[in-house]
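The values are calculated or read from the model by the stated rules, or taken from the named source; none is laboratory data. Since the model is a prediction, treat every value here as computed from it, not as a measurement. Note: ideal-geometry Cβ built from the backbone for every residue, glycine included; neighbour counts use all protein chains shown. Surface areas here come from the heavy atoms of the whole protein model, side chains and all, with no ligands, DNA or RNA. Shrake-Rupley method; radii C 1.70, N 1.55, O 1.52, S 1.80 Å.
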Amino acid sequence: MGDMHAVRNIVILTGAGISAESGLKTFRAEDGLWEEHRVEDVCTPQAFARDPDLVQRFYDMRRAAALAAEPNAAHEALATLDAEWPGELLIVTQNIDDLHERAGARRVLHMHGEVLSAWCTGCDMRHRWEGALLGDPPCPACGEASLRPDIVWFGEMPYEMDRIFAALAGADLFVSIGTSGAVYPAAGFVQEAATRGAATLELNLERSLGSRMFDETRLGPASELVPRWVAEVLA
Ligand SMILES: [Zn+2]
């Protein structure tokens, strides 16, 4: 990836492809289904208002699957990069699992929320949550039965966009890993970074809709491409 000596600040975007190799499925853009559910039935505020039990049961299953999954070589490599990279680094993930953190990464931002977090719409507190939300358990802070998955649903604003765009503005290198480039605003990050002068690299299983926006695209499984790339960066 060009001259790594000129690179100090790195922003990495990770998506479904990196969790898929740990066995976690996400919704398929081709048919709009996620574990046989239409996304509009389980991933919108309207769906939650209409049938909260269906949505809670769906995320209870996603939470259990996340807890049972293990980080793979791509997560491990990014954790190594996080530990050893002396410059600025931000791993922006679209994934709702905690596999980056369990691999040891610390500079992680969950722009679409976290399945292991419950958000109380009564008192606005967030709580680490490993069990079920079906059955309306009380909020540990206020006691109200107002907990929902701490997930950014379709039609809701992704978390910490100001911080993400500030990082992109200061990035020397933007790397997109395992994401289709189909869902905005994340799909626009490469343009933002390139406009601000960053080099751009895509690591993906197949060419994405946004591939032509990148300086370089490498195709293959994240568990192979990411460790190789991190070794180059840290060499
Ligand atoms: Zn509360």
>> Every residue in segment 195-210 that is modelled with pLDDT under 95, open to solvent by less than 50 Å² (accessible area, probe 1.4 Å) and more than 19 Å from the chain's Cα centre (by Cα), please.
In response: none
> Given (1) away from the ligand (no atom under 16 Å from the Cβ); (2) farther than 23 Å from His75 by Cα; (3) surrounded by fewer than 18 Cβ atoms within 10 Å (Cβ to Cβ), where does Pro138 come up short, assuming only one miss?
Replying inline: (1)
>> Criterion first (open to solvent by 40 Å² or more (accessible area, probe 1.4 Å), farther than 14 Å from Val92 by Cβ, in a strand (DSSP E or B) and among the charged types (D, E, K, R)) does Arg218 satisfy it?
In response: yes
>> Please verify whether Glu70 is within 16 Å of the ligand (Cβ to nearest atom), more than 28 Å from Phe165 (Cβ to Cβ), over 14 Å from the mean Cα position of the chain (by Cα) and open to solvent by 40 Å² or more (accessible area, probe 1.4 Å), treating the condition exactly as stated.
In response: no
> Looking only at segment 223-233, which residues are open to solvent by less than 30 Å² (accessible area, probe 1.4 Å) and either part of a loop (DSSP other than H, G, I, E, B) or closer than 26 Å to Ala169 by Cβ (or both)?
Replying inline: Val226, Trp229, Val230, Val233
>> Suppose the filter is open to solvent by less than 50 Å² (accessible area, probe 1.4 Å) and within 19 Å of Val183 (Cβ to Cβ); does Met111 pass it?
In response: yes
> Do you know which of the residues in segment 87-122 that are part of a loop (DSSP other than H, G, I, E, B), without any contact (Cβ under 8 Å) to a residue 60 or more places away in the chain and more than 16 Å from Gly23 (Cβ to Cβ) is nearest to the ligand (Cβ to nearest atom)?
Replying inline: Gly122
